[in-house]
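Step one of this worksheet: look at the structure below.
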Amino acid sequence: MKNTYPVLLCCVTALVASIAPMRAAGQDTASGERAVPALFSSHELIEITIETDYGALRRDREQESEYRPAILRMTDDEGAERAIDIRVRTRGRYRLENCRFPPLRVNFPRNSMGGTVFDGQNGIRLVSHCRDRDDDEQNLIEEYLVYRTYNLLTDESFRVRLARVTYADGEDDNDPVVRYAFFREESEAMAERLGAVFLEIRQASPSNYRAEEAVRMSVFQYMVGNTDWSMVRFHNAEVLQTSSGIYVPVPFDFDWTGFVSARYARPNEGLGIRNVRQRVYRGFCRPNFDFSTVYAQFLEIRADLEALYTGQEGLDEDNRRDAVEYVDDFYEDIETPDRAEDRLEDDCRRMG
């Protein structure tokens, strides 16, 4: 089939030998592959305080705003209280422009983080609530669960860690904002963890991807009700390359999904759907591929998903029930071959 999407390879930012399975924290390999950092070796909730000038941060709406000084307060591995000088800045695109509380990038001093969960970290994303409202915080937890859902399907995914953050305007702030947030693994770190290459490229052809990885990601996006993505032009997706040359798409940024259903999320008008809760399959056609092999991967994790959603700290009962019901509707689509063919496979996008 003719390739209609030129691949524009710019640079490679992480390079190691080959794809490797997930390893526990502290286990380096002879090939020098990176051990799993402490931050992502557990799903235990982190409790931290970040003190800084939030009034100034809210005014920082440029794509590359400057870092501002901050203090991180936390308990270290030995149970001692620590106050560490760090730096924070705003980041993002849509949420940077539209959210009262923009997402942050946190910069840790490498030589000061020993004995803490942030040991080995330098700069990392902190995904925070959009506005200081309970429903925005619920959206944040739901987006965290979308990442955790993909983690259950494949190691080729971004790891996340939930935190309870106190945002204080200085040590004497008597009314700080306290909300859930989560840290998200950096793209280069994910590639290094997997023994892969993180490609910074502008676009790729669907034919560059092996069918299994491409279909798995596309079915996942259908599962969570996401149409705001592209593995061709890398909209809300990154791409890894294995040592054998296989491209692996990795999704991120799920606030516009039906699973999260944020107030500001709107469907693409060209898709003919009324709201983001309606599912549309946006994967490319794979006429010689057996979709049931991917459906089986989703069916295998169903019980784990329900346990994850029902046991999630901070998620309200109504949102918990809604999450389970929304995913149950997806399973009804893939459990019956005729229904799966009608709602997913026959709705695929042609590559040529």
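Derivation of every value follows stated rules applied to the coordinates shown; laboratory data play no part. Note that the structure is a prediction, hence the values are computed from the model and not measured. Neighbour counts run over all protein chains shown; Cβ positions are idealised from the backbone, glycine included.
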Item checked: Helix-only CD estimate at 222 nm, as mean residue ellipticity for the chain, using -39500 (n - 2.57) per DSSP H run (n ≥ 4) -> -8000 deg cm²/dmol
Check: With the chain treated as a Gaussian network of Cα nodes joined by springs under 10 Å, which of ASP169, ASP333, ASP318 yields the largest mean-square fluctuation?
Finding: ASP318
Next item on the list: Give, rounded to the nearest 20 debye, the magnitude of the charge dipole that the stretch 167-320 has about its Cα centre when Lys and Arg contribute +1 at Cβ and Asp and Glu contribute -1 at Cβ.
Entry: 1220 debye
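At a threshold of 8 angstrom on Cα-Cα distance, excluding pairs fewer than six apart, so keeping six or more, what relative contact order does the chain reach in percent?
RCO, the chain: 18 percent.
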Checklist line | Semi-axes of the equivalent ellipsoid for the chain, Cα gyration tensor, largest first, Å | finding: 34, 24, 20
Notebook entry, point to check: To one decimal place, what Kirkwood hydrodynamic radius in Å is obtained for the stretch 198-347 from all pairs of distinct Cα atoms?
Noted result: 16.3 Å
Notebook entry, point to check: Using +1 on the beta carbon of Lys and Arg, -1 on that of Asp and Glu, and nothing else charged, what's the dipole of the chain about the Cα centre, debye to 20?
Noted result: 1440 debye
